[in-house]
Amino acid sequence: MATDGVLDKLRAAAEEVRPAGEHDVIAGVPARYVATPRDTAGAAAVLRTAAGLDLAVTVRGAGTRQSWGSPPRRLDLILDTTALAGVVEHAAGDLITVVRAGTRLDELAATLAAARQQLALDAPLPGGTVGGAVATNASGPRRMLYGTVRDLIIGVTLVRADGVVAHAGGKVVKNVAGYDLAKLVTGAYGTLGLITECAFRLHPLPTAVAYVTRRTDDPAEAGRLAGTVRAAQLVPTALEVDVPVGGGAAVTVLLEGTAAGVAARAEATRRLLGVDATASDEPPDGWGRYPWREGDTGLKLTAALSRVPRLLADARAAADRAGLPLALRGSAGVGVLYAGLPGTAEPERVANLVDALRTASATGGGHAVVLTAPRAVRDRVDLWGPVDALALMRRVKQRFDPDARLAPGRFVGGI
């Protein structure tokens, strides 16, 4: 029987290496091999071997966002992080945790909840991992109060493309040594290195929560209501708008804190939003989820806070002109909206609508990025659109991965 010399060399570096199967695909591109290291040392050995063999490597966690970004230009090896799981340390008294990248966010939440603490990152896609959230800089409704991944991460262990292990930051919030490296790799789609461990700051779990919702027929009105809440002294944890395909709109305010404090603020919020507002201790349907399904086209739209009502109105008007069903959902508290279109929509019409949404976002001082889309749509649009500082980003990539072997082409500008 013929032997695969590359596979043999990879197996010499790590036990869990196998030929790729039919499901080992990244954004439509099949891999040749899959390695599943169990610790940072094993991951470093795999990447050193891959470097010597000139293999192109893409990292995969739970795979919930593998359709995001551009397809890799080439793909030899998938480095699977699912065995890099578990909490390394939880310093409850310091509100700090160190966790491996393959740890599922929902499992981490259950572990921290035993100490009445939380990593305040939402999980819009069930089953997502810590490393995936960091790699894509994913966040949800609660970013309004707690911030994004970049605000919560305080340290990182990173394996470079050549297998060298780098540590940045630490387990103390005020320790800023190397802090920028953790921020740099956040949102880089795995193009700068393999994240194996992360240190995060934590927050106490609230003792009470309330969701106050007001429905309206006008998306722009939902945006204006959100602005009214934002201007009040209510300190919401999240401020979301939801504009479904079927028409109408809703604004929902999440309030957290002590039972008495939440009750008082919920009543004040109801009075502010009007008599039709309702309060519940359970989130509304779709809360914190993206407004699209697997195989659809999904976009991220941003705008200045004052321009959110205009963006909501312009986006819906553009979709109506295109004759396409567009769902919108996102944070009116930070000016980040997500838009979904059916995967069955005619690609050319979708491409034209993406152009219109980019114009609407730019008018509001923001940007529009296509996060995921069917191949026929990808072939017709620039997923990222205009990006500032692209030349600087290319230099950073060159410094970290001069041979362009980590997720080549997955990120903006073909990085």
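Any read-out appearing in this document is the output of simple, stated calculations on the displayed coordinates, not a laboratory observation. Remember, predicted model here, so these are calculated numbers, not experimental data. Methodologically, a virtual Cβ is constructed for each residue, glycine included, from the backbone with ideal geometry; neighbour enumeration extends over all protein chains shown.
Using 5 Å bins from zero, what percent of all Cα-Cα pairs in the stretch 206-383 falls into each bin?
Reading upward from the zero bin: 1, 9, 18, 20, 18, 13, 9, 6, 3, 1, 0.
At a 10 angstrom cut-off on C-beta neighbours, averaged per residue, how do the peptides 98-108, 143-153 rank from highest to lowest?
Output ranking for 98-108, 143-153: 98-108, 143-153.
Return an integer: the convex hull volume of the alpha-carbon atoms of the stretch 287-374, in Å³ per residue.
Output value, Cα hull per residue: 77 Å³.
Before anything else, pin down the relative contact order of the stretch 42-115: Cα pairs under 8 Å, at least 6 apart, normalised by residue count, whole percent.
24 percent
Each residue of the stretch 243-255 in turn: what ³J(HN,Hα) in whole Hz from Karplus with 6.51, -1.76, 1.60 and θ = phi - 60°, glycine and Pro shown as x?
Once rounded to whole Hz, the list reads 10, x, 4, x, x, x, 7, 8, 10, 10, 10, 9, 10.
Could you derive backbone 3J(HN,Hα) for the stretch 372-378 from the dihedral phi with the Karplus parameters 6.51, -1.76 and 1.60 (θ = phi - 60°), listing whole Hz in sequence and x where the residue is Gly or Pro?
Here the 3J(HN,Hα) series is 8, 6, x, 4, 5, 6, 4 Hz.
Considering only Ala208, Ala264, Ala120, give the residue with the highest GNM mean-square fluctuation for the chain, with springs between Cα atoms whenever their separation is below 10 Å.
It is Ala264.
Under a crude label model (7 Å from the Cα following the beta-carbon direction), how far is His23 from Thr228 in nanometres?
For His23 paired with Thr228, the spin-label model returns 4.9 nm.
From the phi angles alone, apply the Karplus equation (6.51, -1.76, 1.60; θ = phi - 60°) to the stretch 222-227 and give each ³J(HN,Hα) in whole Hz, x where the residue is Gly or Pro.
Whole-Hz 3J(HN,Hα) from phi for the stretch 222-227: 4, x, 5, 4, 4, x.
Would you please give the residues with an amide H less than 5 Å from that of Gly155, counting only those at least 5 places away or on a separate chain, with H modeled from the backbone geometry?
Gly170, Ala199
Applying a 10 Å radius around every beta-carbon, put 395-403, 59-67 in order of their mean neighbour count, most first.
Put in order of decreasing packing, that is 59-67, 395-403.
Count the lysine pairs in the chain that are 8 or more places apart or on different chains: how many have C-alpha atoms under 26 angstrom apart?
Number of lysine pairs found: 5.
Nearest 500 deg cm²/dmol is fine: what mean residue ellipticity at 222 nm does the chain get from its DSSP H runs of n ≥ 4 alone, each adding -39,500 (n - 2.57), divided by its residue count?
Result for the chain: -9000 deg cm²/dmol, rounded to the nearest 500.
Amide H neighbours of Val34 under 5 Å, at least 5 residues apart or on other chains, H built in the peptide plane: list them.
So Val34 has HN proximity to Arg18, Ala20, Ile78.
Grab the other residues whose beta carbon is less than 13 angstrom from that of Gly366, score K and R as +1, D and E as -1, and report the net.
Result for the local shell: +2.
Report, in debye and to the nearest 20, how large the dipole of the chain comes out about its Cα centre when Lys and Arg carry +1 and Asp and Glu carry -1 on their Cβ.
840 debye
Packing-wise, with mean Cβ within 10 Å as the measure, how do 362-369, 30-37 rank, highest first?
Answer by packing, highest mean first, reads 30-37, 362-369.
In whole angstrom, note down how far apart the Cα centers of the stretch 244-295 and the stretch 106-137 are.
22 Å
Connecting C-alpha atoms closer than 10 Å in a GNM of the chain, tell me which of Leu55, Leu47, Leu390 has the biggest fluctuation.
Leu390
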